[in-house]
Amino acid sequence: MRYSGFRVIKEALSGHKGWEPAWRTPEPKPHYDIVIIGGGGHGLATAYYLAKEFHQHKIAVIEKGWIGGGNVGRNTTIIRSNYLLDGNEPFYEFSLKLWEGLEQDFNYNAMVSQRGILNLIHSDAQRDAYIRRGNAMLLNGADAELLSLDQLRREYPFLNFNDARFPIKGGLAQRRGGTVRHDAVAWGYARGADSRGVDILQNCEVTGFRIENGQCKGVETSRGFIGAGKVGVAVAGNSTRVMAQAGMRLPIESHVLQAFVSEGLKPVLPGVITFGAGHFYCSQSDKGGLVFGGDIDGYNSYAQRGNLPVVEDVAEGGMALFPGLGRVRLLRMWGGVMDMSMDGSPIIDRTHIDGLYFNGGWCYGGFKATPASGWCFAHLLATDTPHPTATAYRFDRFARGRMIDEKGMGAQPNLH
Ligand SMILES: Cc1cc2nc3c(=O)[nH]c(=O)nc-3n(C[C@H](O)[C@H](O)[C@H](O)COP(=O)(O)OP(=O)(O)OC[C@H]3O[C@@H](n4cnc5c(N)ncnc54)[C@H](O)[C@@H]3O)c2cc1C
């Protein structure tokens, strides 16, 4: 069933009796050509592109909970491609281009909103760094714009320009950045994959791998053994736990990241704003709530909830930028489990086990990567070669000393 304005009118006039479930609830088959573990954004996008772009058949996505219950439904919905390094920028720009055509492509309203993202500058050294980043973006075909203080005062009059502990000196804007309704992305990819024959198996937990003579033959699950020609793992915050079942130890730690939503307000924020002198970022949802977040909690955890010290830290960052935030009531908050890699960049690669492939290490930035991650992982699974924009995301970069340390911070997850 295609969704359209015409369909909405037709259903409205006929008592809404014609809507069908967005995806089926099939029983697991004994064997698939390709099994994807993880029904988050990345796993579902991989299955969608495998079927649509790489013409693969007999695909299953295995999800231990429900579609949208992981980070894909917990993030702060920001998309952008404002990266510096060669290993990253072409990949994230590929992703942003896919976002721009996504709703038409999978015929689902994901509320893609290119309302822009602004990174604030608070020192002369930071301006130099952001000019360099903006130039790298332009060289890779992305958009970037350096904003003067006068422009900022006109476009963002509510920021704390006067008497601020960290005075604002300018900003780097990417007008094509913005926000997307996160769980609609999961639903859209799930529906698109299902309509192309992909089996989405919810409430089915992978508990082990069957590996014989160095070859992955399938997965043990809470609903029995499922055989597979190839297995792709895309389980985000659970990467270390799942890959440990195949005997692999990853250069990844799991940490909690929290998100916050305020009560609904009239439109105040034109786009996404990030603080340059601390870790705080904010946007306003279409329902009016301010959606904001900051640093990871800073300790290893697999729990989808955070602690109060980071709430205080994030609120301080917000107050430093726009003091008016102090009058706003916090409505809700939650946590997600981040797969923090050592250099802050992801991994999309084969493993040393034949037929077993890995996608993870997205840290707190994997939502914007969802389309490109799915496409590149599908490319790898279908062709056994890395997609040109993802060639740097390999396991051996740690052994070769070819880290992709976007922030130049060093090899520790809490620094990224
Ligand atoms: C608070 C917060 C804010 C964020 N903000 C942003 C942002 O603004 N922009 C951005 O780009 N990124 C952001 N992120 C990061 C982004 O959400 C993640 O990097 C990305 O969603 C991870 O990929 P995923 O969608 O596939 O993960 P998930 O949705 O977590 O999918 C993984 C799935 O694997 C399943 N799974 C795990 N173990 C098993 C098993 N054994 N068997 C079967 N299934 C299993 C899980 O149940 C889960 O559904 C944020 C994250 C959080 C938590």
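The string of couplings for the range 356-365 from the Karplus curve (6.51, -1.76, 1.60, θ = phi - 60°) is 10, 10, 10, 9, x, x, 7, 6, 9, x Hz, one whole number per residue in order, with x for Gly and Pro. Phi-derived couplings, Karplus 6.51 cos²θ - 1.76 cosθ + 1.60 at θ = phi - 60°, listed residue by residue for the range 125-142: 5, 5, 4, 4, 5, 6, 4, 4, 5, x, 5, 4, 5, 4, 5, 9, x, 8 Hz, with x used for Gly and Pro. Run the paramagnetic zone check for ARG241: 7 angstrom along Cα to Cβ, then residues of the range 32-59 with backbone nitrogen under 20 Å. So the set is 36-44.
Using the Cβ of PHE161 as centre and a radius below 15 Å, the other residues enclosed give a net charge of +1, where K and R count +1 and D and E count -1. The average projected area of the range 1-86, computed from the convex hull of its Cα atoms over all directions, is 9.4 nm². Springs join every pair of Cα atoms under 10 Å in this Gaussian network model of the chain, and among PHE377, PHE225, PHE91 the largest mean-square fluctuation is at PHE225. Here the contact order of the chain, divided by its residue count and restricted to Cα pairs under 8 Å and six or more residues apart, works out to 22 percent. Taking other residues whose beta carbon is less than 10 angstrom from the beta carbon of GLU406, and scoring Lys, Arg as +1 and Asp, Glu as -1, yields -1. Taking the charge dipole of the chain about its Cα centre, with +1 at Lys and Arg Cβ atoms and -1 at Asp and Glu Cβ atoms, the residue from CYS363, GLY306, GLN114 reaching farthest to the positive side is GLN114. Too long at a 18 Å Cα-Cα cut-off: which of LYS29/LYS64; LYS169/LYS266; LYS52/LYS217; LYS10/LYS287? Check vs 18 Å cut-off fails for LYS169/LYS266; LYS52/LYS217; LYS10/LYS287. With the full set of protein chains in place, find how many percent of the accessible area of the range 240-314 is carbon and sulfur; take the probe as 1.4 Å. Percent of accessible area from carbon and sulfur atoms in the range 240-314: 51. When only alpha carbons are used to place a centre, the range 114-182 and the range 261-297 end up 15 Å from one another.
R0 = 56 Å: FRET efficiency of HIS57 with ASN162, Cβ-based, nearest 0.05? Can you show the working numbers first?
On the way: r = 63 Å, r/R0 = 1.12.
Efficiency, rounded to the nearest 0.05: 0.35.
GNM on the chain, C-alpha springs below 10 Å: top fluctuator among ALA60, ALA277, ALA47? Sorting by GNM fluctuation, first place goes to ALA277.
Taking a straight Cα-Cα cut-off under 12 Å and skipping sequence neighbours fewer than 8 places away in the same chain, the aspartates and glutamates within cross-link reach of LYS407 are ASP343. Looking at the chain, the pairs of alpha carbons with a distance over 30 Å make up 42% of the total. PHE225 sits among other residues whose Cβ lies under 12 Å from its own Cβ, and their net charge, with Lys and Arg +1 and Asp and Glu -1, is +3.
Its Cα centre serving as origin, the chain has a Cβ charge dipole (Lys and Arg +1, Asp and Glu -1) of approximately 700 debye.
Solvent-accessible surface of the range 146-289, averaged per residue with a 1.4 angstrom probe and all protein chains in place: 41 square angstrom. Each residue of the range 28-44 is assigned a 3J(HN,Hα), and the resulting list reads x, 8, x, 8, 10, 5, 9, 10, 9, 9, x, x, x, x, 5, x, 5 Hz, derived from the Karplus form 6.51 cos²θ - 1.76 cosθ + 1.60 (θ = phi - 60°), x at Gly and Pro. Of the peptides 406-413, 186-193, the ranking by mean beta-carbon count within 10 Å, highest at the top, reads 186-193, 406-413.
In plain terms, the chain from LYS17 to LEU139 could stretch by 38.8 nm, reckoned as 0.36 nm per residue minus the Cα-Cα distance.
The values are calculated or read from the model by the stated rules, or taken from the named source; none is laboratory data. All of these numbers come straight from a predicted model, not from anything done at the bench. Here Cβ is always computed from backbone atoms with ideal geometry, including for glycine, and neighbour counts include all displayed protein chains. Please note that ligands, DNA and RNA were not included when accessible areas were found on the heavy atoms of the full protein model with its side chains. Shrake-Rupley method; radii C 1.70, N 1.55, O 1.52, S 1.80 Å.
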